[in-house]
Amino acid sequence: MRMKRVAALAAAATLALGLAACGDNGSDEGTGSGGESKSFAAGSTMERLNKAQAIKIGTKFDQPGFGLKGLSGKPEGFDVEVAKIIVKELGIPEDKIEWVETPSKVREDVIVNGTVDLVAATYTINDTRKERIAFAGPYYEAGQNILVKKDDTTITGPDSFKDGTKKVCSVTGSTPAEEIKKHVKDVATQLVLFDTYDKCRDALKGGQVDAVTTDNVILLGYIAKDEASFKLAGENFTKEPYGIGVKKEDTDFRNFVNDTLEKAYSDGSWKKAWDDTAGKFGAELGNPPAVNRY
């Protein structure tokens, strides 16, 4: 009987040591709480980020529904949730994300300089930007529109600025700022540029400008927060495919992000991200856009 008890205690000790060893192995890999050790190609960005269990992401802090810094002190919105889907696929816990405020005018710079690992910031894919960086996606297609005061009946679309009497505000380095130049009579006197759309909204409310122009979903976010003050003027007049910005030469990482987006389309996480954020403002999501694997 005594020998059986000794054998049982030895077996229990062996099992305990085995479980402890398993726990030690997980912590040695540095996966942390919520992290996951995954197998990626040696030397790839995916491997580097997974091993580090940390990632820096550039996004907007001033855009309701897409990237707005909330009471939590962290940005919230569709761009943020799409970025989190990518981070999860990398095996990195959400609390290891460092969010870096990234206004339109510096988006390419922070990618090229390595300040961030990727940018998700209402980032329209275009050929000029692709000269410096690469895009995965698109993951959404917006359209440029115009925000005016609720009682304004004089502005009905971009052609309303051709008489040269009205001022329109947009953001430095943005696609909407470049597009609206085609519709104003005098850029120098009519186009007012700030570094954030919040400043444009405040200028409109204060009467310093007559309108704000950017993508419809961003403007719908402002309307949702202040329906008594603002409305859209007319229909969308451009198409703005949003992409994830990465380093130009990092084809493997771009392919990984594209694969992750396509997976999110099929497993429902993309739609859930929309429904939980920008979808609450009344904009249509539509069908998943085909990623461009150029």
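The values are calculated or read from the model by the stated rules, or taken from the named source; none is laboratory data. Fair warning: this is a prediction, and the values are worked out from it, not measured in the lab. Heads up, the Cβs are rebuilt from the backbone with ideal geometry, glycines too, and the neighbour counts pull from every protein chain shown.
Of all residues in segment 261-273, those satisfying the criterion of being surrounded by fewer than 21 Cβ atoms within 10 Å (Cβ to Cβ) and either at negative phi or in contact with a Leu (Cβ under 7 Å, 6 or more places away or on another chain) (or both) are Glu262, Lys263, Tyr265, Ser266, Asp267, Ser269, Lys271, Lys272. Name the pairs whose Cβ atoms lie under 6 Å apart, with the first residue in segment 221-234 and closer than 18 Å to Glu76 by Cβ, the second small (Gly, Ala, Ser), and 6 or more positions between them or separate chains? Correct list of pairs: Gly221/Gly65. Of the residues contained in segment 118-126, none is found to be surrounded by fewer than 14 Cβ atoms within 10 Å (Cβ to Cβ), under 28 Å from Glu76 (Cβ atoms) and not assigned by TED's automatic domain parsing to the domain that holds Val217. Restricting segment 213-244 to residues that are aromatic (Phe, Trp, Tyr) and more than 17 Å from Ile155 (Cα to Cα) leaves a set whose member that is nearest to the chain's Cα centre (by Cα) is Tyr242. Kindly evaluate Lys105 against the criterion of being of a type outside the set (S, T, N, Q), without any contact (Cβ under 8 Å) to a residue 24 or more places away in the chain, more than 15 Å from Ile244 (Cα to Cα) and not in a loop (DSSP other than H, G, I, E, B). So Lys105 fails the test.
For segment 251-280, taking the residues that are within 14 Å of the chain's Cα centre (by Cα) and in a helix (DSSP H, G or I), the one that is farthest from Lys88 (Cα to Cα) is identified as Ala278. Scanning segment 185-197 for residues that are closer than 17 Å to Thr122 by Cα and either modelled with pLDDT of 95 or more or crowded, with 17+ Cβ neighbours inside 10 Å (or both) returns Phe194, Thr196, Tyr197. Looking across segment 95-117, just one residue is touching a helix residue (DSSP H, G or I) at 6+ places or on another chain (Cβ under 9 Å) and loosely packed, with under 15 Cβ neighbours inside 10 Å, and that is Thr115.
Is it true that some residue in segment 223-239 is touching a helix residue (DSSP H, G or I) at 6+ places or on another chain (Cβ under 7 Å), part of a helix (DSSP H, G or I), surrounded by fewer than 24 Cβ atoms within 10 Å (Cβ to Cβ) and not assigned by TED's automatic domain parsing to the domain that holds Tyr123? Lay out the reasoning, then the answer.
Applying the first criterion (touching a helix residue (DSSP H, G or I) at 6+ places or on another chain (Cβ under 7 Å)) to segment 223-239 yields 224, 229-232, 236-238.
Add one more test, that the residue is part of a helix (DSSP H, G or I), and what stays is 224.
Next, only the ones that are surrounded by fewer than 24 Cβ atoms within 10 Å (Cβ to Cβ) stay: 224.
Cutting the leftovers down to not assigned by TED's automatic domain parsing to the domain that holds Tyr123 gives us 224.
Yes, the conditions are met somewhere in segment 223-239.
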